[in-house]
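Report on the structure given below.
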There are 2 protein chains.
Amino acid sequence: MNLILIEPQEGAPDGRVTLNDHRAAHIRQVLRAQPGAVLRVGLLNGPRGTATVATVDADGVSLHCTWEKDIPPVPRVDLLLALPRPKVMRRMWAQLAALGVGRILLTNADRVERVYFDTHVLRPDIYRPLLIEGLQQAQDTRLPEVSIHKQLKILVEDQLDRLFPDHLRLVAHLSVRRPLADAVPEDFAGRLLLAVGPEGGWTTYELDLLARHGFAPVGLGPRTLRSDTACLALLTLAHSALAADDGKPQPQSEDRSL
Amino acid sequence: MNLILIEPQEGAPDGRVTLNDHRAAHIRQVLRAQPGAVLRVGLLNGPRGTATVATVDADGVSLHCTWEKDIPPVPRVDLLLALPRPKVMRRMWAQLAALGVGRILLTNADRVERVYFDTHVLRPDIYRPLLIEGLQQAQDTRLPEVSIHKQLKILVEDQLDRLFPDHLRLVAHLSVRRPLADAVPEDFAGRLLLAVGPEGGWTTYELDLLARHGFAPVGLGPRTLRSDTACLALLTLAHSALAADDGKPQPQSEDRSL
């Protein structure tokens, strides 16, 4: 926990916050913070800041927070991910949030088993704490938005243009030679939508559908990676390709609701 | 299992191999291969090839293998890794082999706990099958060489120059802004030695030691990643930076023994 995230409703307008859950335990037992200590904090979907420890006792830890003026930008990569097996998905939540994604769209695909959609790993009460764990690791405050789509065709044909009108769209596929970095223009200052397929890959039909809707194919080199490793590797490469342009204005869609 | 790896001592000179362990179970139950089916195989540290299934019965699966002429090159990245917690290390073996490393040097560091070296996860009988699992995923045959070093100073001062005389040496550290890609010359055709620190980072002393021995510092951007995620991200970026030069001759050290 490199930054302690606080929910907006937990903070009083004067910056005072009292914690008495696992975060308080972390402050007491791992950070061993005494009154007067200064900790890094963040307001969920808000600014980062610092907190001075006011009191530490059995009832909890009370902090006095001072927030920075700026809010961290939403990560410039959004992810359209064919739903992995529940066990794999569970492991991925924190890592996706740590690597940085603005939005996670989980979709069905031909090689995704329908029963995967019944897992409790897709319940917000399960995945939200895991996403927050990843944000706290990465010192980010921007909670990825998650949505679940049981029909890829409807998502791609009817919803993507409204959700991502200006995104650069890339689809990762095994047999493609072109590296991701080559598909991102050098002066690119916008956002990227990255489609990552299921364990067995996208079908030809799905690749055609994505191609017709502006997704340019990219590959990961000659090694076949496990789908979760591949997804994390692709996110890493996407951020690396975008990093050359960091500091430029980052257009963000205002309408972030599905 | 995208390729079935066979140990050299398992194959007869005429290419016949009989399997009766988990690989036979995989061929029977997952691939549902019948006599006549053709499978992708590899000879450990040797060539890839194809195998025609001769017989499938309760005793095992017998194959007739034909090997390619060329042996896959050793991955061009070697890893000097401060030993992670045993639980994390266990999870990393297959992923490291899948992403591709020639050699894995596990080292002590100030922020590595000494007891980590006592774990069974460092026993070849535990990690070798995990490395092979990663190779089978990535369709590689080159088993990473593993060595364990309890004193970073001795390793860096007395052994590295002999082991890695010509490697480009990079050390990853959190506060460094320079991306890995910028540290690899465009026409670089050699091998890379990447040093990755422990959960809490390298100490100033360790960074100085590495700098004095030719390690150039690189960073991963503003997000703090879990050390295992960071390691996989760095390996991904290293391969991506080297990929531009794929196809060029790849000098390899002949003496690969420690």
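Dipole of the range A:77-243, Cα-centred, from +1 at each Lys and Arg C-beta and -1 at each Asp and Glu C-beta, to the nearest 20 debye?
Roughly 440 debye, rounded to the nearest 20.
Where the centroid of each part is defined by its Cα atoms, how far is the range A:150-207 from the range A:118-149 in Å?
22
If you average the C-alpha positions of the range A:47-87 and of the range A:213-246 separately, how far apart do those two centres end up, in angstrom?
Measuring centre to centre over Cα atoms gives 26 Å.
Return an integer: the convex hull volume of the alpha-carbon atoms of the protein assembly as shown, in Å³ per residue.
174
Using the Cα centre of the protein assembly as shown as the reference point, and only Cβ charges (+1 on K/R, -1 on D/E), how large is the resulting charge dipole? Debye, rounded to the nearest 20.
600
When 1/r is averaged over all different Cα pairs and the result inverted, which Kirkwood radius in Å belongs to the range A:77-243?
Taking the inverse mean of 1/r over all distinct Cα pairs, the range A:77-243 comes out at 16.0 Å.
With springs connecting C-alpha atoms under 10 Å apart, model chain A as a Gaussian network and identify which of A:172, A:233, A:109 has the largest mean-square fluctuation.
A:233
Considering chain B as a Gaussian network with a 10 Å cut-off on Cα pairs, which listed residue, B:33, B:195, B:216, attains the greatest mean-square fluctuation?
B:33
Calculated from DSSP H runs of 4 or more alone, at -39500 (n - 2.57) each and per residue, what is the 222 nm mean residue ellipticity of chain B, nearest 500?
-7500 deg cm²/dmol
Among DSSP beta bridges whose residues both lie in the protein assembly as shown, state the antiparallel percentage, nearest 5.
40
Please identify the trypsin sites (Lys or Arg not before Pro) of the range A:69-152 that satisfy two criteria: DSSP loop assignment and at most 11 other Cβ atoms within 10 Å. Which are they?
For trypsin sites (Lys or Arg not before Pro) across the range A:69-152 that sit outside H, G, I, E and B with at most 11 neighbouring Cβ atoms in 10 Å, the list reads A:69.
For helix A:124-138, report the angle its Cα long axis makes with the longest principal axis of the Cα atoms of chain A; keep it between 0 and 90° and round to the nearest 10°.
So the helix axis and the longest Cα principal axis differ by about 80 degrees.
Provide the FRET efficiency to the nearest 0.05 for the residue B:111-residue B:7 pair, computing r from the beta carbons and using R0 = 35 Å.
Taking R0 as 35 Å, the efficiency between residue B:111 and residue B:7 is 0.40.
Using the Cα gyration tensor of the range B:81-167, with a ≥ b ≥ c the square roots of its eigenvalues, what is the shape: rounded (a/c below 1.5), prolate (a/b larger than b/c) or oblate (neither)?
oblate
Please say if the range B:4-67 is rounded, prolate or oblate, where rounded means a/c under 1.5 for a ≥ b ≥ c the square roots of the C-alpha gyration tensor eigenvalues, and otherwise the choice is prolate for a/b larger than b/c and oblate otherwise?
Verdict is prolate for the range B:4-67.
Here, each number is a calculation from the coordinates, and none is a lab measurement. Values in this document were obtained by computation on a predicted structure and should not be read as measured data. Reconstructed Cβ throughout: ideal geometry from the backbone, glycine too, with neighbour counts over all protein chains shown.
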